[in-house]
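Report on the following structure.
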């Protein structure tokens, strides 16, 4: 019999000891292994065009327009339906993308390297709030911003990261968790720390002072500017704990807007999927739950790595954004200790006497306690072309943990 | 009979409605009304040279060396003992200085204007941690840094503040209190927000990119870079509530390292003083309580305005710096509600369900509950020339509140 406890202890130790450093920015085609000219990456588990959620379709159309491969919806749809342009989960390519999570070959991406184990992960650049590709918008202003990001923002930030020798995201997150961030939906402090760390180098590498000023302002005004490197960092941590024989620890949670999928350390690259839930959310003025697309995005890699919703106890101010009370935030973290294997060695919560965050979701505990992981997330409009309509809380369907546990029993002969 | 309740409600309302904006930087001699060539300002209530604490003496000597009026201790002491150079509390000149709080005529100072009521206050630039004038150090490296601050840092930050049209400190503090800051000893978030807000303008106004990079780095690496404008901001708030006939609200708390002094809104500019306490502190390696100077500095203007130790419930991570547990931090804030008149309209604490911070110390309540205000503070070495040795917690002597209440009864005929 395989020693599950030992396997889980090892998997979670690997996750916690991963030390992700964002080292630079490069073109997806150049930096993501396996990326090719006719491939789009997307959030969540695999999905067909027919079952694909509106905002993900919108983001794919926008990405093909950005790539110069399509002039609009019809062109793009034809390419995608014909298979001339393929699409696959970010997670199949060591990547993670927020919301629709569409990464196209020309897009600049962050490169994050786990200095402990050597594995890398990738994510695109954050667009800020408002009408953005990741929420399914693809109008000209959305595409113009992507162009600016590729031509100005990305090269400048990349050069700054290289000049500074990379930035340790684990250390930065540990600090931000003491500054009211949860590390997923609330990254106000982390994004400020990121901007402050980069700024002295941006000034040195930018082509002129107007560019430096513009880039620093964009990073500083976007409370999610660090979300994407954080997601890639969490991906390297989770990957460091993946493929441990006999481990029941979840190493991926991801949603494509149609399905919620997980992967489990001891079960290789198999996805266990079920329907993505509707988010219990605070909606922006003019929108209601009727407008909401189901749960979408790879950002649940943060919860997989022990932060995000799991670290909410340290982020009471987040309730102004996702609803609820500070007491709910405390209770959420306390609940998550019930379904996780360890308390994080480096991520701690001052309000809980510096207790480590609940880390390493154990599918056995999820079933035993009948308690699914808690996820905080943004909400996209269900139709393409619109954008964000709110933010709130959601849980994965329980069947995916049940199916995974059954598969585990079959594989390991229980 | 004067209506104390009405007077206090008015005084505290004035304090809370003050909206301090840091508008620029100027030479003390030019911007502080009444400042003259042969005057040094210092923290706390008035004190003679003979009774003056070591670190304050050290800072005065350093300031006179910086001014080019003295070559060393003996020169400087002769000038100060003879009265050729005078000294007076910052608070007599609408100013506030951290620790020794020495402001000399040539030093550049922040100008903070309360946009609601029009009053101004001033503070010098923050030197960062380590060997610094405000802790009583006055070696050549301390003086060199002051020169750099006057020649590079101050003019650049001042030009950036002017270019941006000033920065609203009340709004910034409100945000920082949701990011784990107390607004006094922990200003990690506020200093990041400050740096991020200034950086795009610093890039534009700096004389070259190396200067911009150096200034942004200095602000960003100093978790107290915003302390001095915050103190001046709190001074404008407290002053807005001062001199309200019949009010028992404290409008100044300040320490000179020998005495702790308060002023009370309805009692004009009279000081009530008693011995400064020894701080219960976490000491830096190599130092103990035997090295500690008693409580020193004007930074208690933050507690006077409803933040600092009073807002600790929102800053649990501060206990790693000043000792104690997160539970103590919550209890401190809860205690302070017992001795204050109002809950702040703009400064709120997420962990207490967004309750306003305890604001407006009422001398009647301090006596009635026998509960002195709680102060968090840095600790300077008792000898001149050394610097900071730790940080911790302290309370003012109770007699100053008793004396003030007796004076109030006498003045208003109770």
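For the stretch B:97-188, what is Rg from Cα atoms divided by 2.2 N^0.38 Å, rounded to two decimals? Display every interim value, and only then the final one.
Values: Rg = 14.6 Å, N = 92, 2.2 N^0.38 = 12.3 Å.
It is 1.19.
For the stretch B:293-348 and the stretch B:246-289, what is the separation of their C-alpha centers, rounded to whole Å?
Cα centroid to Cα centroid, the span is 15 Å.
Compute from the Cα atoms of the protein assembly as shown the Rg and the Dmax, the latter being the longest Cα-Cα distance, and quote both in angstrom.
Considering the protein assembly as shown through its Cα atoms, Rg and Dmax are 28.7, 93 Å.
So in the stretch A:1-142, what percent of DSSP beta bridges are antiparallel if you round to the nearest 5?
Working: 13 of 18 bridges.
If we restrict to bridges inside the stretch A:1-142, about 70 percent are antiparallel.
Pick out which of B:354, B:310, B:87 has the largest mean-square fluctuation in a Gaussian network model of chain B, springs linking Cα atoms closer than 10 Å.
The residue that fluctuates most here is B:354.
Over the stretch A:243-412, what lengths in whole Å, largest first, do the semi-axes of the equivalent ellipsoid take, defined as the square roots of 5 times the eigenvalues of the alpha-carbon gyration tensor? Walk me through the numbers before you get to the answer.
Numbers: eigenvalues 137, 93, 26 Å².
Over the Cα atoms of the stretch A:243-412, the ellipsoid semi-axes are 26, 22, 11 Å.
To the nearest 0.05, what FRET efficiency results for residue A:289 and residue A:269 with a Förster distance of 30 Å applied to their C-beta separation? Before the final figure, lay out each step's value.
Working: r = 34 Å, r/R0 = 1.14.
Efficiency, rounded to the nearest 0.05: 0.30.
Any number yet on Rg/Rh for the stretch B:312-414, C-alpha, Kirkwood?
Working: Rg = 16.3 Å, Rh = 15.5 Å.
Answer for the stretch B:312-414: 1.05.
Given a 10 angstrom Cα cut-off, can you work out which residue in B:60, B:312, B:398 is the most mobile in a GNM of chain B?
Taking springs between Cα atoms under 10 Å, the residue moving most is B:398.
Equivalent ellipsoid semi-axes for the stretch B:20-133, as square roots of 5 times the alpha carbon gyration tensor eigenvalues: give them largest first, rounded to whole Å. Numbers along the way, then the final one.
Numbers: eigenvalues 119, 39, 34 Å².
Working through the eigenvalues yields semi-axes of 24, 14, 13 Å.
Cα centroid distance between the stretch B:219-235 and the stretch A:133-187, in Å?
Between the Cα centres of the stretch B:219-235 and the stretch A:133-187 lies a distance of 27 Å.
Defining the label point at 7 Å along Cα→Cβ, can you sort the distances from residue B:147 to the same site in each other copy, shortest first, in nm?
5.2
Among B:285, B:397, B:275, which one shows the biggest mean-square fluctuation in a GNM of chain B, springs joining Cα atoms closer than 10 Å?
B:285
Take A:123, B:213, A:191 and order them by how many other Cβ atoms sit within 10 Å, fewest up front.
Values: A:123 31, B:213 21, A:191 26.
The order, fewest Cβ neighbours first, is B:213, A:191, A:123.
Going out from 0 in 5 Å bins, what whole percent of all Cα-Cα distances in the stretch B:185-269 drops into each bin?
Cα pair-distance distribution for the stretch B:185-269, in percent: 3, 14, 16, 14, 14, 11, 10, 9, 7, 3, 1.
If you find the alpha carbon centre of the stretch B:61-121 and of the stretch A:19-50, how far apart are they in angstrom?
That distance is 59 Å.
What is the Cα convex hull volume of the stretch B:232-290 when expressed per residue in Å³?
Details: hull volume 6.5 nm³, N = 59.
Each residue corresponds to 110 Å³ of Cα convex hull volume.
Helix-only estimate, please: 222 nm mean residue ellipticity of chain B, summing -39500 (n - 2.57) across DSSP H runs of length 4 or more and dividing by its residues, to the nearest 500. Walk me through the numbers on the way to the answer.
Values: 15 runs with 155 residues, N = 414.
Helix contribution divided over all residues of chain B: -11000 deg cm²/dmol.
Place the label 7 angstrom along Cα→C-beta at residue A:399 and in each other copy, then list the distances from the first to the rest in nm, shortest first.
With the label placed 7 Å along Cα→Cβ, residue A:399 yields 7.8 nm.
For chain A, restrict the atom set to alpha-carbon positions and state the Rg and Dmax in Å.
Final numbers for Rg and Dmax: 19.7, 64 Å.
May I ask you to work out the translational diffusion coefficient for the stretch B:210-315 at 25 °C, viscosity 0.890 mPa s, via Stokes-Einstein with Rh from the Kirkwood sum over Cα pairs, reported in whole µm²/s?
On the way: Rh = 15.9 Å.
Estimated via Stokes-Einstein, D reaches 154 µm²/s.
Using DSSP, restrict attention to beta bridges with both residues in the stretch A:19-231 and report what percent are antiparallel, rounded to the nearest 5. If you can, show how the numbers build up before the last one.
Values: 15 of 20 bridges.
That works out to approximately 75 percent antiparallel.
Can you list, shortest first in nanometers, how far residue B:164 lies from the same residue in the other copies, with each label 7 Å from Cα toward Cβ?
Label-point distances to the other copies, shortest first: 1.8 nm.
I need the Kirkwood Rh of the stretch A:19-231: take the reciprocal of the average 1/r across all distinct C-alpha pairs and report it in angstrom. Kindly include the intermediate steps, with their values, before the conclusion.
Details: mean 1/r = 0.0577 Å⁻¹.
The answer is 17.3 Å.
Quick note: the coordinates plus some simple rules give every number you see, no bench work behind them. Bear in mind the structure is a predicted one, so any value in this text is a computation, not a measurement. Quick reminder, even Gly has a Cβ in these numbers, built from the backbone with ideal geometry, and neighbours come from all protein chains shown.
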